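Contents: one structure, followed by commentary.
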2 protein chains.
Amino acid sequence: MTTACTDCPLRCQPMFQPMNAEEITFMQAFKSAEVEVPAGQVLLWEGQPSPWLFTVLRGQGLRSKMLPDGDRQVVNFVFPGDFLGLQSGVMGEMKHSVEATTDMTLCRFARADLWRVFRDQPARAFDLTYLAATEEHFLGEALLTLGQRDATSRLAWALLRLWRRAVATGMQGPRGVPLPWRQRDLADALGLSLVHTNKTLARLRILGAAHWSGGYLAVPDPAVLAELAQEEDGAATPRPLF
Amino acid sequence: MTTACTDCPLRCQPMFQPMNAEEITFMQAFKSAEVEVPAGQVLLWEGQPSPWLFTVLRGQGLRSKMLPDGDRQVVNFVFPGDFLGLQSGVMGEMKHSVEATTDMTLCRFARADLWRVFRDQPARAFDLTYLAATEEHFLGEALLTLGQRDATSRLAWALLRLWRRAVATGMQGPRGVPLPWRQRDLADALGLSLVHTNKTLARLRILGAAHWSGGYLAVPDPAVLAELAQEEDGAATPRPLF
DNA sequence: AGACGCGCATTAAACTGTGACATAGCTGGA
DNA sequence: TCCAGCTATGTCACAGTTTAATGCGCGTCT
């Protein structure tokens, strides 16, 4: 049973900009299926085209690139509401892989229909460009973090980002926000070794800035984490939902 | 005297995908001015909106982000044909600054007219999304480089990218390709100290892989540089010209 | 024309944040 | 029950940073 766009649980979250009735009607028609994906499955492969694009309805994952020698760079973590596959849609092939860390539910769209968005719905096409620019902005922030910050600041930055994104998507619970990834994933995102990441996470725990365990992240005072991250305090910036 | 789009010196370069007659006519009307910018001037400021977007007709520059403590991350180098200001156009403000390293000539477009592209020219809107995805792809590659490569490999990767981009834009001369930036700029792009960058450039020179001096870069055998960069050999991938 | 000063490139030496290696304990799935 | 994978910790090595100094070239001033 697929979720009607009028019943979408994400649209009311502060993370996402509102949609008008015409846009919802168009998206309902544009959505071709809703698929369940088990944890561990790769949704999109680096270097390959895909006939589908996706919006994440439920679950979490990550985007990564590989070096020939097997080293992996995690380029982003995937949350509900993220749009997947835009590179394949406009450039013909994905430049990174996307894999499910937890079981996921995806709204699926046909790549062959993407041109209809540009032809018939310029406002939605504008939102797609907005999402691409949002990803570009995030990667610029990540590049700054890897290029100019030390390990403690990098981890503080990453945990703050992940915490803000999860809170704005309505995922906060009594134990904190769900963080289903491994320390290896965070190490590969921040250009650190696994051992050094573990030691630096321990330092953040001792400082009381962040506590990640059992698949949950607790941030007692986000301003403390923001200071360690050399970031200003504040919430996640809303973006279009596609 | 502005350059007519029919006379654009960039369109025939292998770096850029072809444009049809309708697209050229639209761009001629869309272009509001041609401006000269002296070396050192900032074209776009991080954190601020801009009423203009630009395509670089001539000259070179860089894009950068600043940390509160004054550290700078160079996020990309700017070449003829690059489109500047898309983040301001769709997100309302620039997420990085753009400054001229040499004297530059820019084709200028009004941000207020950007909606016309999406409404009237879906193929051009698609190209804009393509350009945003191209920048996202590049930043993913840069993130991989900073996260998983050592200093020698990073410099080899950067010089190879810059060389390929310049060659595909028709900038090759007897002394190599023009590289007007400082070692400080490359260091700030690759997350290295100035001293270590200088030493590693010397190593590449001794290896005969790359020779950067007097504002020019010579690459005797790009396959050698590609190997040091852990990259496959090949030319720059063509992209749309806006 | 000559002097001066600033910015950039280059090099040496000392220091350190991070990586590499090894080991132990815990947990969940087969 | 067993084992692979993950988390955690200690120790040592080193790639890269920091500090300091020198030389060169170019632009400005006299």
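The values are calculated or read from the model by the stated rules, or taken from the named source; none is laboratory data. Note that the structure is a prediction, hence the values are computed from the model and not measured. Cβ placement follows ideal geometry from the backbone for every residue including glycine, while neighbour counts extend to all protein chains displayed. Heads up: the accessible areas ignore ligands, DNA and RNA and are worked out on the full protein's heavy atoms, side chains in. Shrake-Rupley method; radii C 1.70, N 1.55, O 1.52, S 1.80 Å.
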Give me a count of the residues in the range A:1-16 that are open to solvent by less than 60 Å² (accessible area, probe 1.4 Å) and either over 20 Å from the mean Cα position of the chain (by Cα) or polar (S, T, N, Q) (or both). 4
Taking the conditions exactly as written (free of Cβ contacts under 8 Å to residues at least 12 places away in the same chain and either crowded, with 21+ Cβ neighbours inside 10 Å or among the hydroxyl-bearing types (S, T, Y) (or both)), does A:A210 satisfy them or not? no
Please specify each residue of the range A:174-204 satisfying the condition of being assigned to a loop (DSSP other than H, G, I, E, B), within 14 Å of chain B (Cβ to nearest Cβ) and not hydroxyl-bearing (S, T, Y). A:G191, A:L192
Does A:W157 count as aromatic (F, W, Y), over 22 Å from A:F16 (Cβ atoms) and assigned to a loop (DSSP other than H, G, I, E, B)? no
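Quick check on the range A:113-120. Is at least one of its residues more than 13 Å from chain B (Cβ to nearest Cβ), in contact (Cβ under 8 Å) with a residue 40 or more places away in the chain and either part of a helix (DSSP H, G or I) or aromatic (F, W, Y) (or both)?
Yes: one or more hits.
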Within the bounds of the range B:72-92, is there any residue that is among the hydroxyl-bearing types (S, T, Y), in contact (Cβ under 8 Å) with a residue 60 or more places away in the chain and within 14 Å of chain A (Cβ to nearest Cβ)? no
Condition first: surrounded by fewer than 20 Cβ atoms within 10 Å (Cβ to Cβ), more than 14 Å from chain A (Cβ to nearest Cβ), in contact with a Cys (Cβ under 9 Å, 6 or more places away or on another chain) and not hydrophobic (A, V, I, L, M, F, W, C). Can you find one or more residues in the range B:152-171 that meet it? yes
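In the range A:97-123, which residues are open to solvent by less than 10 Å² (accessible area, probe 1.4 Å) and within 20 Å of the chain's Cα centre (by Cα)?
Of everything in the range A:97-123, those that are open to solvent by less than 10 Å² (accessible area, probe 1.4 Å) and within 20 Å of the chain's Cα centre (by Cα) turn out to be A:V98, A:A100, A:M104, A:T105, A:L106, A:F109.
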Go through (1) closer than 27 Å to B:V90 by Cβ; (2) open to solvent by 10 Å² or more (accessible area, probe 1.4 Å) and name the single condition A:H196 misses. (1)
